[in-house]
Structure formats: structure tokens, C-alpha cells
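Quick note: the coordinates plus some simple rules give every number you see, no bench work behind them. Predicted, not measured: the structure shown is a model, and the values here were computed from it. Cβ: placed from backbone, ideal geometry, glycine included. Neighbour counts: every protein chain shown.
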């Protein structure tokens, strides 16, 4: 556990340093000490993800490269940025303490971690970009930018344990960002909104084993809404850049959250400041976007796999055969059908297209996924209703003037964001109605709705009293978060302790490499490994468990183009 603290502490300093570098060089934020440093830490997450992505076009993210990046940012912080050092060192302690509670004796996200999160991260650590990679495992076509962040943290200091820490940093940094914002925010509706997000995170997003690729996407979506509300009051070129940066990163994590990117666009329309970008940031955003979508295209033949409309079917590595999962149309149908309860059919089982052809799926969905969604929402809604009732019963200030210019301007942006999130919630229900896919749409809608309902009441309560009431509840929520994880740590230590408190990345049962993966050759040249015992996990890259179930050895082909591997199927 001491090792977890130490590694998390060093990683936090690395990410904070990269965030400070990025904020000064690209975002051109002049006074870093005036900005919430946890916010800068989240920008560091984005910048390191970009570095990993662009490097992987030319090299594998090996330990030499990753260690060099680690050393560079440490030198930058300790020799060229002395002002924020003390704050970085102190804030990293808080993140590391949370890290010990969240990560010790925990598991990785199942089954997706072993299915494609860890295997893809391992590929990044050992191979430069592989064209047509989704042909040996279709899920490689829709991996998250988070896998690049994980891969760049595997260096000579942390070794492979480093890939587990970035998720931890994102969660802890964002939670502490919200708490710090609540302590200094004077705008009451924004303060209340941030508190609601804290409530959801502490009550429902409180297990490392539940994070996966979805949690960081939703965290950055909440972050986007939070900074959009904050920046709307005093818009300048730096915070406009921040909003567009975060909105792009949300999409790079989860394409289905693309509606969030409309928030900064609408804010600019309200402010009538369309040409409001810094040139350095604009160049960075365009380069980041081009690299991300080019990566998608090279891996799958689609710019946003598995959305068939984004695919260029003429490229030879795109799989046109609709009997295989690597075909975009098949993957899209399968994903949508599963989220709508297709697998819960008992009699007269329909195929994907028949099942999705009308709204009859709603009945079956409501009996399973619908109930689970409601079960996850009810405790959060109950707690939020209790807090709202307590605030509603608070005594009002006398002679308060509610209807001023800012009152109506602020309310307009809340209604605009509510519209975006309700639209996202509707899209979620009709396209991918599993809670983990659209929770940020749902929770943001609820948070903004409750804020609007309590709008006049919030303005009528003294700010110090409001902070005190919400502070008591926040303290309670943190106790719940730490207690729940402490109980888990004690239980798992007593029941399954073997030799390491780290989550297992090589198999579900033991934290060491599996030797049984079978090397597969094509035309007498090594191509990939096939996992014969369960999922690939962090073993033998590139690895797939789809051989024979989705395609045969005789179907897949391998060629090399200017040093780049290409997997493809004969047409």
C-alpha cells in the first residue's frame, strides 16, 4: 500500500507538471497560481494523452520514451516553475491518500479490462500503430484515448503498475477540483450544481473496479459543464480554449457524448464572440483532432468506428464482410441490440435487425436494464431530494433583489445546458440505454433541473449558510466514500490477500504473466498471439481471443507497408 501511495504521488507530480507546461505554452494562462490547480492537473491528463497518441504513430510507447518524458516534466517543474511547486507537492498528497483507499486490493474493470483495455494498452507499449488492428479484435476499433494515457505511464520507475494509476488520478483530481470550487465559488446556482456532481461521484462512482473507459469520459463531461458555467460569467480567450479542449477530449473518450461539444459553441453565440480563439490553441486542437481520427481510420477504416457512415469502405483493410464482428455495421447492430436487452430473450429469439426494428424491445429492456438504471438512480435522487428539502426550509434573506441582469443571463445558460442534456438523455434511451453509457447526460439533466427549480431559493439563502449546509453533506459523502472503500480493503485483505495489493493485470486469478498464449503465424511470419485460456489481459501483444470465434487463421492476412504492420481480409 505504501508503494501505491508513492507511485500515485510521483504520477500526480508528473501530470501536474505537464498541465502547467501545457497551460502556459498552449492555453497561455499567465497566472497559474490564480487557477484551481486541480483544473490544471486535468489539463495535464489531456496533454499527456496527446503526446502518447502522436508518438505512437512513429514509435511504441516503450519505457525509454516514457521515462524520458517523466524526467523532462520533473526538470521543467523543479527548475523552471518554482512558484507552484509547494502547491503541487501538497495537492499530490491528497490525491495519493485517496489513491490508497481506492486502488488497494481492488480489481480492474471486468470484463472489459481483460477484454480490450489492458491488451490495447500493452500493444501501445510494444508496437507503433498497427493498421487494420480491429480486424483481429473489433473492440480495438473503439478504444478510448485513456489507453494512451495509461500506456505512457509505464516507465522504468513504475513498470507495468504505472498503467493503473492515471484513472485514479482523474477521479481524485476531479473530486478535489469540485470541492475546492465549492469552497471559493460565490455564484450560488453553480455552487449547488458542483455539489450535486460531488454527491453522484461519492455515492455511485466510488469504486476503481467500476471506472473502465466510461468513468473518465463522464468525469470530463461533468468537468466541461462545470467550467462552462464558471467561464460564462467572465469569458476570455483562455477559458474559451479550455472549454473547447475539454469538449474535444470528452469525444475522444466516448463518441456518444458528442452533444457536450455544443455547450462552448452556444456560449460563444450568446456572447457574440465567434472569432475568440488563441492561435496556438487552435493549431493544437486541430492537430489533436486530426491525429485522433486518423488513428481511428488506420486501425479500423472508420473515423469513428463503428459508425458506418464514417467509414471509407474502399481501403483494403476495412472489413466489408457482414458475418464478422470487425465489420462496422455488424458491431453497431450488436452493441445497440445488447444495450436494449437482446440477450434477455428467452423464446422465439430474433436476430439483431429484427429485434431493433420496432419499439417492442422497450418491454424487455424495462424488466432488466431499466430496473438496474432506476436502482442506481434512486439512492442519488433520494439524497438530492433530502438536501433540496433542507435548503427549501431555510429562512430567506430580507429585501433581496432577484431580477437583475446577471440573474436572467445565468438562467439562460442553465436552460441551454439543460436542453443539451435532455436531448442527450433522449438519444441515450433510443440508441444505447445502459446506465454506464449515458450517465453523464442523465445526471447533468437532473443536476441542472434541480438547480433551476431551487433557483430563487438559492439566491435567497446567505452564501455562508449555503456553503455550511452543503459542506456538512460533502463531509458526510466523503466519509461514505472512504468508509465503503476501507471496508472493501479490509475484507479483500482478509479473504484474497496473496502478495500484492495491486489490481491484477495479467489474469483474474494471479498477478503474473500467463505463458500459454499461442503465437499465430501468417505466411510463416509471426502475426499475433491467440489467448487459449480466457481473455488476453496485459499479455503477449498483439493479442486476441477472437480467433476461430470471429475469424479463422486462413481468413486473416498480414503485410508490411514501410515498416507498419497491416491486418486485412481478402476481398
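How far is the Cα center of the range 152-179 from the Cα center of the range 207-270, in Å?
Between the Cα centres of the range 152-179 and the range 207-270 lies a distance of 20 Å.
Can you give me the Cα centroid spacing of the range 276-298 and the range 76-116 in angstrom?
Taking the Cα centre of the range 76-116 as reference, the centre of the range 276-298 is 27 Å away.
Just to confirm the number: angle between the C-alpha axis of helix 369-392 and the first principal axis of the chain, 0 to 90 degrees, nearest 10?
Here the helix axis deviates by roughly 20 degrees.
Hey, for a label at residue 347 modelled as a point 7 Å past Cα toward Cβ, could you say which residues of the range 354-391 have their backbone N under 16 Å away?
Those under the cut-off are 364.
Of all the Cα-Cα pairs you can form in the chain, what percent are over 47 Å apart?
Here the tail beyond 47 Å accounts for 12 percent of pairs.
Please work out how much length the chain gains when fully extended from residue 456 to residue 564, using 0.36 nm per residue of separation minus the C-alpha to C-alpha distance, in nm with one decimal. It would help to have the intermediate numbers written out before the result.
On the way: separation 108, 0.36 × 108 = 38.88 nm, distance 6.10 nm.
The span from residue 456 to residue 564 would gain 32.8 nm if fully extended.
Taking square-rooted eigenvalues a ≥ b ≥ c of the alpha carbon gyration tensor, is the range 67-115 rounded, prolate or oblate, where a/c under 1.5 means rounded and, failing that, a/b exceeding b/c means prolate?
Values: a/c = 4.63, a/b = 1.83, b/c = 2.53.
Here the range 67-115 falls in the oblate category.
At 7 Å along the Cα-to-beta-carbon direction for both residue 238 and residue 323, put a label point, then send me their distance in nm to one decimal.
Rounded to a tenth, the inter-label distance reads 6.0 nm.
How high is the FRET efficiency from residue 381 to residue 86, r the C-beta distance, R0 45 Å, rounded to 0.05?
Values: r = 41 Å, r/R0 = 0.91.
Once rounded, the FRET efficiency stands at 0.65.
Kindly state, to the nearest 0.05, the FRET efficiency for residue 309 paired with residue 209, given R0 = 56 Å and r defined as their beta-carbon distance.
0.95
Can you classify the range 1-91 as rounded, prolate or oblate using the Cα gyration tensor, where a ≥ b ≥ c are the square roots of its eigenvalues, rounded means a/c under 1.5, and otherwise it's prolate if a/b beats b/c and oblate if not?
oblate
Sorting 240, 480, 45 on the 10 Å Cβ count, fewest up front, what's the list? Mind dumping the intermediate values first?
Working: 240 20, 480 15, 45 25.
Fewest to most other Cβ atoms nearby, the residues stand as 480, 240, 45.
Taking 0.36 nm per residue of separation and subtracting the Cα-Cα distance, what length does fully extending residue 316 through residue 472 add?
50.1 nm
Which value in deg cm²/dmol, rounded to the nearest 500, describes the helix-derived mean residue ellipticity at 222 nm for the chain, given -39,500 (n - 2.57) per DSSP H run of n ≥ 4 and division by the residue count?
So the calculated ellipticity at 222 nm is -19500 deg cm²/dmol.
Please arrange 143, 310 by how many other C-beta atoms lie within 10 Å of their C-beta, fewest to most.
Lowest to highest Cβ neighbour count: 310, 143.
What FRET efficiency comes out for residue 479 versus residue 389 if R0 is 35 angstrom and r is the Cβ-Cβ distance? Round to the nearest 0.05.
0.95
From the square roots a ≥ b ≥ c of the eigenvalues of the alpha-carbon gyration tensor of the range 274-373, which class results: rounded (a/c under 1.5), prolate (a/b over b/c), or oblate?
Taking the square roots of the gyration eigenvalues as a ≥ b ≥ c, the range 274-373 is oblate.
How far, in degrees from 0 to 90, does helix 435-453 lean away from the longest principal axis of the Cα atoms of the chain, to the nearest 10?
10 degrees
Just subtract the alpha-carbon distance of residue 93 and residue 78 from 0.36 nm times their residue separation and send over the number in nm, one decimal. Please list the in-between numbers first.
Working: separation 15, 0.36 × 15 = 5.40 nm, distance 1.70 nm.
Here the answer is 3.7 nm.
Using a 10 Å cut-off on Cβ atoms, rank the peptides 100-108, 133-141 from the highest mean neighbour count down.
133-141, 100-108
Using Cβ counts within 10 Å as a stand-in for footprinting exposure, how do 489, 469 rank, fewest first?
In increasing order of surrounding Cβ atoms, one gets 469, 489.
Once each part is reduced to its C-alpha centroid, what is the distance from the range 413-484 to the range 522-571 in angstrom?
Result: 45 Å between the Cα centres.
Could you work out how far helix 214-233 tilts from the main Cα principal axis of the chain, as a 0 to 90 degree angle to the nearest 10?
Compared with the principal axis, the helix lies near 30 degrees.
What order, most packed first, do the peptides 554-567, 531-544 have when packing is the mean number of other Cβ atoms within 10 Å of each residue? Write out the running numbers ahead of the final one.
Working: 554-567: 14.6, 531-544: 21.4.
Taking the mean over residues of other Cβ atoms within 10 Å, the ranking is 531-544, 554-567.
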